[in-house]
Amino acid sequence: MPVSNVFLGAQGASSQITIRRIGFADLKDALAKGFGDFYAMPTHAIFLCAIYPVVGLLLARLAFGYSILPLLYPLVTGFALIGPVAALGLYELSRRREAGLAASASHALDVMQSSSIGAIIALSLLLFGLFVLWVAFANAIYIANFGYAPPASIPTFVHDLFTTPAGWRLIVVGNGVGFLFAVTVLTIGMVSFPLLLDRDVGAAVALLTSIKAVLKNPLIMSAWGLIVAALLLVGSLPAFLGLTIVMPVLGHATWHLYRKVVDAEASPRPTLPPPPTKRRYAADFPAALFPWAR
């Protein structure tokens, strides 16, 4: 695939994209439609997002077992930075359901064969880079306040965090820096990944469109960011299991929010491989066990 196609898409910067202004009612409607998609396709959504609580539990085990407790919070919150990448399959399922097409677990993987995959990988690497950078910053902030020695115990760490000036500085500075990372990811990932899934416009065009969409709707997008943060916090309890519901609902809702903000009908659609001539029973597992969810 030519490098120009990865960054500029099939028609380069000439692709015509319109960005609309939206209101709070649109956020409510996007969430309602996201929940509707989750209700209609629960097995698919849980199948795709079960990795989140599993990863969360593994991170907790590492923190308690290998003395990386100070990085537990940055690691868990940092996974929200790569949320747009993890939600690609959910965007595809919502797109297919919106278009009246069949939506099974196997269809969520069609994006891997899309002509936009190069641009999607490029933006994914950018988000993964931001995730690594955030963890490095969080570690540096901890070292600046507490030094290189790991916490002696969990109670000691909690006590130092909430009752000492160093702990208060860690909370304030750490959350401040984390907020800047979250705003950056919200700005560059708000509509870029759904747009690349929907249209072959290239990574640069998708990135610029996402920035323009946020700048044109700063108050609404800020409210959306707060909603996402609040729901992720609620979903982290208990033991991250709530994310099996929160993540798919947010993923589906993000697709519908993209559809409200961006009009890219003049841009070319990405090409996909022709559908198989036979039904793929194995690929549809476990969705095939629940025919009412199709």
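Counted by Cβ distance under 11 Å from residue 21, the other residues give a net charge of +2, where Lys and Arg count +1 and Asp and Glu count -1.
What is the fewest-to-most order of 241, 88, 27 by other Cβ atoms lying within 10 Å of their Cβ? Intermediate values should be presented prior to the final figure.
Working: 241 16, 88 22, 27 19.
Ascending number of Cβ neighbours within 10 Å: 241, 27, 88.
By the beta-carbon count within 10 Å of each Cβ, the least crowded to most crowded order of 265, 98, fewest first, is 265, 98. Fewest-first ordering of 134, 255, 168 by other beta carbons within 10 Å of each residue's beta carbon gives 168, 134, 255.
Under 5 Å from the amide H of residue 200 lie the amide H atoms of 269, each residue being 5 or more positions distant or on a separate chain, with H modelled from the backbone and absent for Pro and chain starts. Working note: Karplus 6.51/-1.76/1.60 with θ = phi - 60° gives segment 143-152 the couplings 4, 5, 9, 10, x, 7, 5, x, x, 5 Hz, where Gly and Pro are set to x.
Read the figures in this text as sums done on the coordinates, not as results from a lab. Source: prediction; values computed, not measured. Quick reminder, even Gly has a Cβ in these numbers, built from the backbone with ideal geometry, and neighbours come from all protein chains shown.
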